[in-house]
Structure formats: C-alpha cells, structure tokens
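Asks: Dumping the structure here so I can ask a few things about it.
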C-alpha cells in the first residue's frame with residue numbers, strides 16, 4: 001500500500017479552495033470543493049494516477065466536514081475525474097476515463113434486451129431565437145442558440161428525429177462546417193475538449209404529443225402524427241444548463257433508454 005508521502009499534496013487544493021472564496025459564498029460547500037479539485041486536475045497540478053489523501057485528511061485541511069468531502073468526491077467520480085479502488089483509496093482518473101459522456105443514449109432491443117448504440121446524421125444546423133421555443137429554451141438565459149437536427153437510428157430500425165440545442169459561444173463555429181463533417185460527432189466530447197464543459201446531471205421530461213413538422217418531414221410521416229417527445233436538459237457541476245436534447249419517436253419505435261455510465265468503464 002502507498003505511504004502517505006506518495007499521496008498528493010493538499011496545498012494546491014487548499015489554494016484552489018481559497019481562490020474560489022469571493023465567488024464561492026452562498027454555494028454548497030461540496031460543489032465548491034468539487035470545483036477546486038476539478039481546477040487542480042484541469043491545470044495538471046494533479047495528474048492521472050495521483051493518489052488522493054484520505055477523506056478525513058482532506059476535511060481536516062479545510063473548514064468543512066467529512067460528509068462534504070464524501071459528497072464532493074462522489075460527484076467527481078460521477079464526472080469521471082476520480083476513480084475509487086477498493087481498499088486503496090481514490091485516484092485521479094486516467095485520461096482515457098476523463099470523457100464527458102457520462103450520460104449515454106442507447107436503444108434496447110425489446111426482444112433480446114441487447115443494447116444498441118445509435119448512428120446519427122445531421123440534416124440541418126442553424127442559429128435560432130430562443131423565444132420561439134418558449135419554456136424549452138428559457139433555461140439558456142440567452143437570446144439565441146444553435147439548433148442541430150439529426151436522424152438517430154440503429155441497424156434494422158426506423159430512425160428517430162433528434163434536435164440538440166447548444167449555446168452560441170460553444171457551437172457557432174459549427175455553422176461554417178459542411179453537414180457531412182458533423183455526422184456522428186460527439187458534442188459532449190467537443191464541449192469537454194474545447195471548453196472544459198461536461199454534463200453532471202440531466203433532467204428529463206417525456207410526453208405523448210404531436211411530432212414537429214421537421215420530424216414528420218424527415219421521417220416521412222403524414223402530419224399530424226402523435227408520437228413520444230423526450231426532452232433531456234443537461235447541466236454542468238455548477239447547475240448551469242449547457243445542452244438540451246429533444247428526441248421525437250414515431251409510434252411503434254423501439255424502446256429507448258438512458259444509461260448513466262461511461263462506455264468502456
């Protein structure tokens with residue numbers, strides 16, 4: 001087992017915590033601690049494989065309780081920044097595990113129960129006024145957003161229609177790229193690699209409703225068509241809405257489920 005001298009120093013974490021003091025007041029302490037840890041990792045102060053001190057030691061170095069440390073570390077595990085090894089402790093995740101796609105959308109075969117990863121094909125991308133979409137985009141707190149329409153399908157199944165809304169400051173460069181270059185892109189990965197934004201939590205809503213005219217046109221459905229509409233609101237660790245996905249499934253479509261795990265973990 002590692003000696004205490006082999007573990008990461010808490011000095012950078014304490015410094016990162018103190019640097020957040022002006023803007024951290026009023027926020028839950030566990031979120032502030034998770035942000036301080038994340039900053040140390042993103043700046044490479046804490047590198048992959050680094051062994052964290054024990055939870056009690058972390059709590060003693062800061063004005064927080066043990067439960068706050070445990071809650072922050074659990075959040076970092078969910079985000080893929082930290083991994084836990086039984087009887088050994090917590091470690092900074094290897095870079096191949098630091099993938100933002102915690103929330104993976106997959107289809108389940110209703111007969112075999114087998115998971116199927118979908119293919120995607122972008123059919124349109126445009127800048128849109130958020131006011132046109134009412135409550136759907138009100139959480140962006142912005143006048144415009146980038147809308148990306150896609151067909152989503154698995155082998156042997158009819159497609160669903162998917163719409164993704166991203167912030168203009170994150171996705172505006174995509175407007176200049178040919179649609180062919182956008183097929184199959186992981187926008188979660190793009191947000192992480194380009195802006196260090198990752199999904200921490202997702203809020204869902206679903207209902208039976210009329211599918212949009214865009215969905216009917218691209219799915220070759222006679223309008224009006226009642227199907228299932230599923231909205232997923234994806235927030236970062238500071239509870240800021242970063243991305244919205246809407247899936248429109250026609251009647252008779254195979255079941256779709258969300259899996260909150262990482263591929264290859």
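The values are calculated or read from the model by the stated rules, or taken from the named source; none is laboratory data. What you see is a predicted model; the values in this text were computed from it and never measured. No Cβ is skipped: glycine too gets one built from the backbone with ideal geometry, and neighbour counts run over all protein chains shown.
Asks: How many of the residues making up segment 35-53 are part of a loop (DSSP other than H, G, I, E, B) and at negative phi?
Replies: 8
Asks: If only one of 53, 48, 28, 12 is surrounded by 12 or more Cβ atoms within 10 Å (Cβ to Cβ), at pLDDT 85 or above, farther than 22 Å from residue 235 by Cβ and out of contact with any helix residue (DSSP H, G or I) (no Cβ under 7 Å at 6 or more places or on another chain), which one is it?
Replies: Exactly one residue qualifies, and that residue is 53.
Asks: Find the residue count for segment 215-238, including only residues that are in contact with a strand residue (DSSP E or B) (Cβ under 8 Å, 6 or more places away or on another chain), in contact (Cβ under 8 Å) with a residue 60 or more places away in the chain and assigned to a loop (DSSP other than H, G, I, E, B).
Replies: Within segment 215-238, residues that are in contact with a strand residue (DSSP E or B) (Cβ under 8 Å, 6 or more places away or on another chain), in contact (Cβ under 8 Å) with a residue 60 or more places away in the chain and assigned to a loop (DSSP other than H, G, I, E, B) number 1.
Asks: Test each condition in (1) in the same structural domain as residue 194 (by TED's automatic domain parsing); (2) modelled with pLDDT of 90 or more; (3) crowded, with 19+ Cβ neighbours inside 10 Å for residue 58 and report the one that comes out false.
Replies: Among (1) in the same structural domain as residue 194 (by TED's automatic domain parsing); (2) modelled with pLDDT of 90 or more; (3) crowded, with 19+ Cβ neighbours inside 10 Å, residue 58 violates only (1).
Asks: Across segment 167-200, what is the number of residues that are more than 20 Å from residue 152 (Cα to Cα) and at pLDDT below 85?
Replies: Qualifying residue count, segment 167-200: 6.
Asks: Inside segment 175-189, can you point out the residues that are in a helix (DSSP H, G or I) and within 14 Å of residue 150 (Cα to Cα)?
Replies: 179, 180, 181, 187
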